[in-house]
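This report refers to the structure that appears directly beneath it.
Taken together, the values in this text are just the output of simple stated rules run on the coordinates, not laboratory data. Here the structure is a predicted model, which is why all the values come from computation and not from measurement. Using ideal geometry, Cβ is built from the backbone for each residue, glycine included, and neighbour counts are taken over all protein chains shown.
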Amino acid sequence: GQQLNQSPQSMFIQEGEDVSMNCTSSSIFNTWLWYKQDPGEGPVLLIALYKAGELTSNGRLTAQFGITRKDSFLNISASIPSDVGIYFCAGSKTQGGSEKLVFGKGMKLTVNP
Amino acid sequence: NAGVMQNPRHLVRRRGQEARLRCSPMKGHSHVYWYRQLPEEGLKFMVYLQKENIIDESGMPKERFSAEFPKEGPSILRIQQVVRGDSAAYFCASSLLRDSYGYTFGSGTRLTVV
């Protein structure tokens, strides 16, 4: 099945550092979303992007919807220990009569205090 | 103001048994989605239901898997004659409207087939 290419797969950073991750696809999406998943839990929505070129911030998080609608990036500034987790990008598209999400494989973030 | 409730959180089944996973959507949400997550993978769409109707089951395996969302009660994902490859985390999400950004995911059911 279709999947997004998410990179990097993992990152180890020091507390206070910034981190960037991105997602690319061969097809166009209507909406890009970024989720965080803690161990044993479901994904929690961080940021949603609806327009090509859109740049959106949510606290220390900044995300952009690529102009081509085939990519997106997420930045986390001044990381803190609770940022640890797995970050997923997801693209939304209408297919087969319904809108569904296609997820990347995730980026595992470790923050060393 | 409970979120999406899934139970059980963990389920162990022997090969050949049936697994029944339950999902109670957020209050007022009539759209339910099921996703499966294999280890080290992202979530993959399985099925989208509205009350009493299956809208899109394009992600469901053709055999052994079924889903329902009755007028009363939770949505049920049923896996018959489970095999080891069915071991995964199964997540349910619900939304108020028919759009993706309104998804709220539950905490998932982790199925282990032994």
Averaged over the residues of A:101-112, the number of partner chain Cβ atoms within 10 Å of each residue's own Cβ comes to 3
Order of A:100, B:44 - criterion: other Cβ atoms within 10 Å of each residue's Cβ, fewest first: B:44, A:100
Can you give the alpha-carbon Rg of region A:1-112 over 2.2 N^0.38 Å, where N counts its residues? 1.03
Global form of region B:20-83, assessed from the alpha-carbon gyration tensor, a/c cut-off 1.5: prolate
When only DSSP loop residues count, what GluC sites (Glu not before Pro) in region A:15-67 have their Cβ near at most 12 other Cβ atoms within 10 Å? A:15
Size descriptor, Kirkwood hydrodynamic radius, that averages inverse alpha-carbon separations across the protein assembly as shown, Å: 18.0
Across peptide B:67-76, how many C-beta atoms of other chains are within 10 Å of each residue C-beta, on average? 0
So for A:56, B:109, fewest C-beta neighbours within 10 Å to most, what's the order? A:56, B:109
The set of residues whose placed amide H lies less than 5 Å from the amide H of residue B:88, leaving out same-chain residues fewer than 5 positions away, is B:111
Name the long-range amide H neighbours of residue B:55: under 5 Å, sequence gap of 5 or more, or other chain; modelled H, no Pro or chain starts. B:48, B:49, B:50
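Take every residue in peptide A:34-44, count the Cβ atoms of other chains within 10 Å of its Cβ, and give the average of those counts.
The shielding value for this peptide is 5.
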Counting just the Cα atoms, what span does region A:45-104 cover along each of its three principal axes? Round to the nearest Å and put the largest first. 41, 23, 14
Furthest towards positive pole of dipole, A:72, A:19, B:12, structure part the protein assembly as shown, Cβ charges: B:12
For B:57, B:52, B:72, what's the fewest-to-most ordering of other Cβ within 10 Å of each Cβ? B:72, B:52, B:57
Projected onto their principal axes, the Cα atoms of chain B stretch, largest extent first, over whole-Å spans of 37, 24, 24
